[in-house]
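Q: Handing you a structure now.
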Amino acid sequence: MSVREEFDEWAASGRDKGMEERHWHTAKHVLARMPVEAGDTVLDLGTGSGYALRALRQRDVGRAYGLDGAPEMARNARSYTEDDRVGYVVGDFGSLPFATDSVDHVFSMEAFYYSADPLETLAEVRRVLRPGGTFYCAVNYYEENTYSHAWQDSISVEMTRWSREDYRRNFREAGLVVAEQDNVADREIEIPDAAAFPTEEFDTREEMVERYRRLGTLLTVGVAP
Amino acid sequence: MSVREEFDEWAASGRDKGMEERHWHTAKHVLARMPVEAGDTVLDLGTGSGYALRALRQRDVGRAYGLDGAPEMARNARSYTEDDRVGYVVGDFGSLPFATDSVDHVFSMEAFYYSADPLETLAEVRRVLRPGGTFYCAVNYYEENTYSHAWQDSISVEMTRWSREDYRRNFREAGLVVAEQDNVADREIEIPDAAAFPTEEFDTREEMVERYRRLGTLLTVGVAP
Amino acid sequence: MKEDLLDIVCCPLDKHDLELDIDEEEDDDIVSGTLTCTECGEAYPIEDGIPNLLPPDMREAA
Amino acid sequence: MKEDLLDIVCCPLDKHDLELDIDEEEDDDIVSGTLTCTECGEAYPIEDGIPNLLPPDMREAA
Ligand SMILES: Nc1ncnc2c1ncn2[C@@H]1O[C@H](CSCC[C@H](N)C(=O)O)[C@@H](O)[C@H]1O
Ligand SMILES: Nc1ncnc2c1ncn2[C@@H]1O[C@H](CSCC[C@H](N)C(=O)O)[C@@H](O)[C@H]1O
């Protein structure tokens with residue numbers, strides 16, 4: 001199944017909003033760190049419901065664009081805002097339809113690893129970023145988060161599972177300076193008492209604590225020099 | 001009183017260790033974000049007890065140097081480690097005794113604002129950093145943290161109180177790309193029940209929560225392009 | 001889409017500028033139309049206010 | 001201080017290389033000695049294993 005088929009279905013069944021709610025726990029901390037200034041142009045790769053753009057607009061960025069490979073996702077996202085400075089585009093991570101040196105900051109949450117060729121996508125991000133621009137790349141699916149490894153079984157699009165070190169190395173190979181890497185904790189998800197375990201996902205309470213409070217979302221920040 | 005006189009006294013009275021304990025609450029999160037690699041050379045400006053270098057060495061950096069203007073601070077810091085790859089130097093923020101392009105990452109916690117000329121210090125940091133190097137600058141004394149404003153009254157060295165925006169602008173003016181800015185929460189300091197307020201420092205419990213959990217430590221990350 | 005999107009979008013294939021043909025406009029919003037690459041001539045549809053800038057082979061594959 | 005510190009330190013005034021004279025060494029540690037700027041000739045003391053690279057006016061001011 002293609003990205004389009006898989007994620008159009010998600011959008012149609014309302015999973016875009018479900019993701020927003022879950023991802024916001026850590027995405028809001030990631031967004032807060034971005035050094036955006038009034039008037040900046042920002043791009044959200046794999047925008048889903050588009051919540052990141054709505055949040056960044058509250059910090060007065062000039063223009064906020066969301067790209068998504070699934071037309072239904074983009075359509076939903078568009079319907080969630082009346083803001084003139086927010087726009088949506090259907091496109092693919094493999095060949096970004098944005099001009100060279102045209103964007104101040106790129107954000108991406110839980111989307112980068114769906115790219116058919118993540119190295120090519122990094123090169124594309126590098127290309128569209130202005131000198132001094134940043135790429136805030138946040139993922140929950142990564143090598144050290146062993147709890148995420150099974151996700152591939154339930155999704156038809158092939159996912160790339162890099163380690164923390166892979167992210168640093170590949171960013172650098174694409175010409176991005178690695179400015180930061182961090183595990184951003186999800187402190188909001190409710191973790192039930194030990195008596196509730198095992199659950200479907202976790203054998204013990206400790207595992208769930210590790211998954212959310214310690215591993216959380218892996219953030220890698222690249223800078224275009 | 002000079003930096004040397006003021007802080008030699010702090011060192012002699014054991015305040016270096018007291019600061020380490022307090023600052024560690026947020027400094028450890030700041031250090032965790034630094035994208036250091038095995039073999040890197042790191043520099044700690046205003047090293048105090050030198051705890052940051054000992055922490056970075058556990059992540060296998062190649063060489064870790066601490067600079068401090070107070071000889072007693074450097075002497076104490078030196079006595080806390082036997083590590084061959086850690087070294088201390090007495091020097092001033094105004095004229096760093098390090099070669100151009102010689103350092104991979106610079107860290108500084110609760111020290112930068114003591115510089116007699118912070119813009120000159122930023123230019124010096126920019127000079128010593130290798131291309132792609134980062135400056136992790138963490139401060140508790142800053143404009144938005146109104147609870148810190150009174151500190152100047154109890155210290156003889158003149159302190160610079162910049163806002164979040166001042167940090168971003170001045171970093172950029174010095175030729176550093178701003179990759180990140182964040183308020184790093186202190187989640188460890190114990191906040192007593194409402195009944196314990198007013199205290200000497202805080203009128204209400206809400207104020208103390210704001211000071212530590214929300215404002216915390218201001219981190220600005222610069223990258224040498 | 002707003003017209004100022006043109007400042008930043010380009011052809012996904014060769015990264016050249018796009019030319020806008022408007023079919024339907026509502027207030028300042030372009031609801032439907034076509035973006036055409038000034039270099040390779042590839043045409044990209046705008047539908048329901050959203051330009052589809054997928055590479056042509058992916059657009060048709062779905 | 002370790003001798004390899006010389007790779008990275010310089011004169012705080014003119015940023016030129018420093019030359020090392022050792023007075024006392026313990027294992028591989030230089031306990032006391034002098035670092036002298038190869039350009040301006042300014043001398044910086046090493047005491048208790050720590051080089052004092054404050055600009056001379058600040059060193060003496062204390
Ligand atoms: N190759 C590709 N090109 C463009 N978008 C893609 C893509 N692969 C996946 N996506 C999009 O990436 C999104 C991943 S889901 C994450 C959505 C949102 N960022 C959030 O945090 O909730 C989906 O909307 C999917 O359609
Ligand atoms: N102009 C200057 N040059 C060099 N060091 C300075 C300085 N002004 C202040 N310092 C040093 O900066 C330190 C500030 S206290 C902070 C110490 C340590 N980083 C910690 O987090 O606990 C003191 O050790 C003081 O001697």
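Q: Label position 7 Å from Cα toward Cβ: report the copy-to-copy distances for B:R161 in nm, one decimal, ordered from shortest.
A: Relative to the other copies, B:R161 has label-point distances of 5.2 nm.
Q: Give a residue-ordered list of calculated ³J(HN,Hα) values for the range A:177-182 (Karplus: 6.51 cos²θ - 1.76 cosθ + 1.60, θ = phi - 60°; whole Hz; x for Gly, Pro).
A: 7, 7, 9, 6, 9, 7
Q: Now a separate question. For the range B:53-64, just list the computed ³J(HN,Hα) in residue order, Karplus coefficients 6.51, -1.76 and 1.60, θ = phi - 60°, integers in Hz, with x standing in for Gly and Pro.
A: 5, 5, 5, 5, 5, 5, 9, 6, 4, x, 9, 10
Q: Taking a spot 7 Å from the Cα of B:S2 along the direction of its beta carbon, which residues of the range B:134-157 have an amide N less than 14 Å from it?
A: B:157
Q: Efficiency by 1/(1 + (r/R0)^6): what FRET value for D:D28 and A:E201, r their Cβ-Cβ distance, R0 = 60 Å, to the nearest 0.05?
A: Values: r = 53 Å, r/R0 = 0.89.
Step by step, r from the Cβ atoms, then E = 0.65.
Q: Okay, next question. Is it possible to state the helix-based mean residue ellipticity at 222 nm for chain B, with each DSSP H run of 4+ residues giving -39500 (n - 2.57), the sum divided by total residues, to the nearest 500 deg cm²/dmol? What is it? List each step's numbers first, then the result.
A: Details: 7 runs with 71 residues, N = 225.
Helix-only estimate at 222 nm: -9500 deg cm²/dmol.
Q: What's the ranking of A:82-94, B:137-149, B:12-24, B:197-209 by average number of surrounding C-beta atoms within 10 Å, highest first?
A: Listed from highest to lowest mean packing, they are A:82-94, B:137-149, B:12-24, B:197-209.
Q: Which angle from 0 to 90°, rounded to the nearest 10, does the C-alpha axis of helix B:3-12 make with the longest principal axis of chain B?
A: Helix B:3-12 and the main axis of chain B meet at about 70 degrees.
Q: Please compute, for peptide D:2-12, the average count of beta-carbon atoms on other protein chains lying within 10 Å of each residue's beta-carbon.
A: Partner Cβ neighbours, averaged per residue: 6.
Q: Additional query: Got a sec to turn the phi values of the range C:38-49 into Karplus ³J(HN,Hα) couplings, 6.51 cos²θ - 1.76 cosθ + 1.60 with θ = phi - 60°, whole Hz, x for Gly and Pro?
A: 6, 9, 8, x, 4, 10, 10, x, 10, 10, 6, x
Q: Cα axis of helix B:164-173 to longest principal axis of chain B: angle in degrees, 0 to 90, nearest 10?
A: Taking the Cα atoms of chain B, the angle to B:164-173 is about 20 degrees.
Q: So, one more: To the nearest 20 debye, what charge dipole does chain B have about its Cα centre, counting +1 at the Cβ of each Lys and Arg and -1 at the Cβ of each Asp and Glu?
A: Dipole size: approximately 780 debye.
Q: Using a 10 angstrom cutoff on alpha carbons, build the Gaussian network for chain B and name the most mobile of B:S49, B:S163, B:S108.
A: Comparing B:S49, B:S163, B:S108 in the GNM, the peak value goes to B:S163.
Q: Taking every DSSP beta bridge with both residues inside the protein assembly as shown, roughly what % is antiparallel (nearest 5)?
A: Here the antiparallel bridges make up roughly 60 percent for the protein assembly as shown.
Q: In the Gaussian network model of chain A, springs joining C-alpha atoms below 10 Å, which of A:V42, A:V30, A:V177 carries the largest mean-square fluctuation?
A: A:V177
Q: Quick one: which residues, 5+ away or cross-chain, put their amide H under 5 Å from the amide H of B:W162? H built at 1.01 Å from N.
A: Long-range HN contacts for B:W162: B:E143.
Q: If you take each beta carbon of peptide B:94-104 and count the beta carbons of other chains within 10 angstrom, what is the mean?
A: 5
Q: Just the number, please: buried accessible area between C and A, total of both chains, 1.4 angstrom probe, nearest 100 square angstrom.
A: Values: alone 4110 and 10640 Å², together 12790 Å².
Separately minus together, C and A give about 2000 Å² buried.
Q: Further question: If we hang a label 7 Å off Cα along the beta carbon direction at B:D83, how far is it from the matching labels on the other copies, in nm, shortest first?
A: Label-point distances to the other copies, shortest first: 4.3 nm.
Q: So if I place +1 on the C-beta of Lys and Arg and -1 on the C-beta of Asp and Glu, and nothing else carries charge, what would the dipole magnitude of the range B:149-213 be about its Cα centre? I want it in debye, nearest 20.
A: 400 debye
Q: Follow-up question, since we're still on this one. List the residues, sorted by chain then number, that are 5 or more residues from A:G133 or on another chain and whose placed amide H is less than 5 Å from its amide H.
A: Correct list: A:A224.
Q: Suppose a student asked you for the relative contact order of chain B, using Cα pairs under 8 Å spaced at least 6 residues apart; what percent would you report? Intermediate values should be presented prior to the final figure.
A: Details: 436 pairs, mean separation 43.4, N = 225.
This gives 19 percent for chain B.
Q: Using a label point 7 Å beyond Cα on the Cα-Cβ vector, give me the inter-copy distances for D:H16 in nanometres, one decimal, shortest first.
A: Distances between equivalent label points, in nm: 5.9.
Q: Could you work out how far helix B:118-128 tilts from the main Cα principal axis of chain B, as a 0 to 90 degree angle to the nearest 10?
A: Compared with the principal axis, the helix lies near 40 degrees.
Q: Say each of A:R214 and D:E47 gets a label point 7 Å from the Cα, pointing the same way as Cα to Cβ; how far apart are those two points in nm?
A: 4.7 nm
Q: Further question: With +1 on each Lys and Arg Cβ and -1 on each Asp and Glu Cβ, how big is the dipole of the protein assembly as shown about its Cα centre, in debye rounded to the nearest 20?
A: 540 debye
Q: Suppose all protein chains stay in the model; what accessible area per residue would a 1.4 Å probe give for the range A:1-146, in Å²?
A: I get 34 Å² per residue for this part.
The values are calculated or read from the model by the stated rules, or taken from the named source; none is laboratory data. The structure displayed is predicted, hence computed values, not measured ones. We place every Cβ from the backbone using ideal geometry, glycine too, and count neighbours over all the protein chains shown. What goes into the accessible areas is simple: the full protein's heavy atoms, side chains included, and nothing from ligands, DNA or RNA. Shrake-Rupley method; radii C 1.70, N 1.55, O 1.52, S 1.80 Å.
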